[in-house]
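The values are calculated or read from the model by the stated rules, or taken from the named source; none is laboratory data. Please read these numbers as outputs of a predicted model, since none were measured by experiment. As a convention, Cβ positions derive from the backbone with ideal geometry for all residues, glycine included, and neighbour counts pool all protein chains shown. In case anyone asks, the SASA skips ligands and DNA or RNA and just uses the protein heavy atoms, side chains included. Shrake-Rupley method; radii C 1.70, N 1.55, O 1.52, S 1.80 Å.
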Amino acid sequence: MTRRYFGTDGIRGHSNVFPMTPDLAMKVGIAVGTIFRNGSHRHRVVIGKDTRLSGYMLENAMVAGFTAAGLDVFLLGPIPTPAVAMLTRSLRADVGVMISASHNPYEDNGIKLFGPDGYKLSDELETRIEDLLDKDIYGQLAKSGEIGRAKRVEGDIYRYIEHAKRTLPRDVTLHGLRVAIDCANGAAYKVAPLALWELGAEVVTIGNEPNGTNINLDCGSTAPERLQKKVHEVRADIGIALDGDADRVIIVDENGEIIDGDQLMAVIGESFADDGKLTGGGIVATVMSNLGLERFLGDKGLTLARTKVGDRYVVEHMRNHDFNVGGEQSGHIVLSDFGTTGDGLVAALQILARVKRLGRPVSEICRRFEPVPQLLKNVRFSGGKPLEDAVVRQAIADAEAELGSRGRLVIRPSGTEPLIRVMAEGDDQAQVEKIVNGLVEVIANARSEAA
């Protein structure tokens, strides 16, 4: 069933353009408040945000919606997405909201929703919300004496810092490590450097001067070049790049080389397995993770379970099959022993713990396998359904047959942008490039003809 508002990670779009308008944000507050307003107790919602200029607008609109529905609102201010998930449970809230477009540029924004258990809402609940948004919901408003209150909560970032610090094994400190961290001018610009410093690291911070329009701008996990230079400049032992809402992380080793989420999952999975803490017999990742990771885990007697793209699907599989390590190549790392969603800071702390325990450079510890040649390209489209075109479907079938058992082909629409993502991997790099470039051309031509 096609959904009008929700993508793979909440509602997302260009600020002040449908659906990221204040009136829809208010209606989301009313709709969600209506669904979660059960029982006679005072209902509460926590709202966090990243550092985008439009966050003020959407935050106030959602406060209006939730209070109109009869819920009390706790405003957390700029705070990482995993902190919102944690505080939703800790404060016994009925709903958690994160206003963020994650790694997207500042012009975009989004709404992520968490249930009282700290997990992102199910497809079924999102469908119920969409049904209400398409109806006249003003008959659901609270009575005059039941309208909710709102207040700004101070100090809750420190509760999250303490939570993150407790995930580091007790026998490990970060003394002696020089850590460069890029906070993407985003939600973790205060909490991440402070947590690392309190654990004993010498911290060099960049991307910690948000101004409302510079979130993810030439910084963070999607643009790690500044961090690579900083690691060289200060001779750091490790670089940590977060994204705008700090639910993903990319590592830079002491040589300035990038280490992606697949390698990080390999490190953490192996570490947990060595400590007898890994559950599920392996890890969970998406169809985009490199075949090299799957082969590495197989050599260790571990499995790789694959899901659709989106950390919510990773988490769903982890919960249903008792895994405690999962994530995405992009750097979403989910460690269910510590939280309910991707957490860039907590994942980085597990890497740092491994580095300290083994006493070897990051470049050695975090290069667990040789990636299979993989190429991903995007095709932007403005309308229509290019993947349903007969010529495109035949080209995809031919490409799959050509790769055979020596590789994989993944073609999917983005859940957050009007893009078709074309990814192929295999042992023959020239073959992979030929297949991807050919498919991109076919899809682009189909898009042009449809337009």
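Helical runs (DSSP H, four residues minimum) scored at -39500 (n - 2.57) apiece and divided by the length of the chain put the mean residue ellipticity at 222 nm at -11500 deg cm²/dmol.
Close amide H contacts of Lys49 (hydrogens built in the peptide plane, cut-off under 5 Å, sequence separation of 5 or more or a different chain): Gly77, Ile79, Ile99. Is the range 184-238 rounded, prolate or oblate when judged by the Cα gyration tensor, a ≥ b ≥ c being the square roots of its eigenvalues, rounded requiring a/c under 1.5 and prolate requiring a/b larger than b/c? Because a/c hits 1.5 or more and a/b fails to exceed b/c, the range 184-238 counts as oblate. Shown are Tyr160, Tyr119, whose ranking by accessible area with a 1.4 Å probe and every protein chain present, most to least, is Tyr119, Tyr160.
Using per-residue counts of other Cβ atoms within 10 Å, averaged over each peptide, order 239-247, 77-85 from highest down.
Details: 239-247: 32.6, 77-85: 28.1.
In decreasing order of mean packing, 239-247, 77-85 become 239-247, 77-85.
So in the chain, what percent of DSSP beta bridges are antiparallel if you round to the nearest 5? Roughly 55 percent of the beta bridges in the chain run antiparallel, per DSSP. Ordering 284-295, 382-393 by mean Cβ neighbour count within 10 Å, with the highest value first, yields 284-295, 382-393.
As a rough guide to protection, the peptides 373-381, 142-150, 101-109 ranked by mean Cβ packing within 10 Å, highest first, stand as 101-109, 373-381, 142-150.
Rounded to the nearest 10 square angstrom, Ile30 shows an accessible area of 0 square angstrom against a 1.4 Å probe. Residue separation of Arg4 and Ser122 scaled by 0.36 nm, minus their Cα-Cα distance, works out to 40.9 nm of gained length.
Normalised by residue count, the range 207-248 yields a Cα convex hull volume of 68 Å³ per residue.
Compute the Cα gyration tensor for the range 43-151, then decide on rounded, prolate or oblate, letting a ≥ b ≥ c be the square roots of its eigenvalues: rounded whenever a/c is under 1.5, prolate when a/b is larger than b/c in the other cases, and oblate in all that remain.
Details: a/c = 1.39, a/b = 1.31, b/c = 1.06.
In terms of gyration-tensor shape, rounded.
Roughly what percent of Cα-Cα pairs across the range 89-247 reach past 19 Å? If you can, show how the numbers build up before the last one.
Numbers: 8302 of 12561 pairs.
Distances greater than 19 Å cover 66 percent of the Cα pairs.
The separation of the range 131-198 from the range 320-397, counted between C-alpha centres, amounts to 23 Å.
Across the range 38-48, rounded Karplus estimates of 3J(HN,Hα) from the backbone phi angles (6.51 cos²θ - 1.76 cosθ + 1.60, θ = phi - 60°) give 10, x, 9, 6, 5, 8, 9, 10, 10, 10, x Hz, Gly and Pro being marked x. At a temperature of 37 °C and a viscosity of 0.692 mPa s, determine how fast the range 235-373 diffuses translationally according to Stokes-Einstein, using the Kirkwood radius over alpha-carbon pairs as Rh; express D in µm²/s, rounded to the nearest whole number. Result for D is 225 µm²/s.
Distance distribution P(r), the range 353-426, all Cα-Cα pairs, bin width 10 angstrom from 0: 16, 33, 22, 17, 10, 2 percent.
What number do you get for the range 298-451 when its Cα radius of gyration is normalised by 2.2 N^0.38 Å, N = residues?
Working: Rg = 18.7 Å, N = 154, 2.2 N^0.38 = 14.9 Å.
Working it through for the range 298-451, the quotient is 1.25.
Dipole orientation for the chain: of the candidates Gly145, Gly301, Val391, Gly145 has the Cα lying most toward the positive pole (charges on Cβ; Lys, Arg +1; Asp, Glu -1).
For the pair the range 41-115 and the range 3-29, the centres of their Cα atoms are 13 angstrom apart.
Can you pull the Kirkwood radius for the chain, inverse mean 1/r over Cα pairs, to one decimal in Å?
Details: mean 1/r = 0.0441 Å⁻¹.
Mean inverse Cα-Cα distance, inverted, gives 22.7 Å.
When the accessible area of the chain is split by element with a 1.4 Å probe, what percent falls to carbon and sulfur? Please list the in-between numbers first.
Working: 8960 of 18760 Å².
That fraction is 48 percent.
Between the range 233-258 and the range 280-294, the C-alpha centres lie 22 angstrom from each other.
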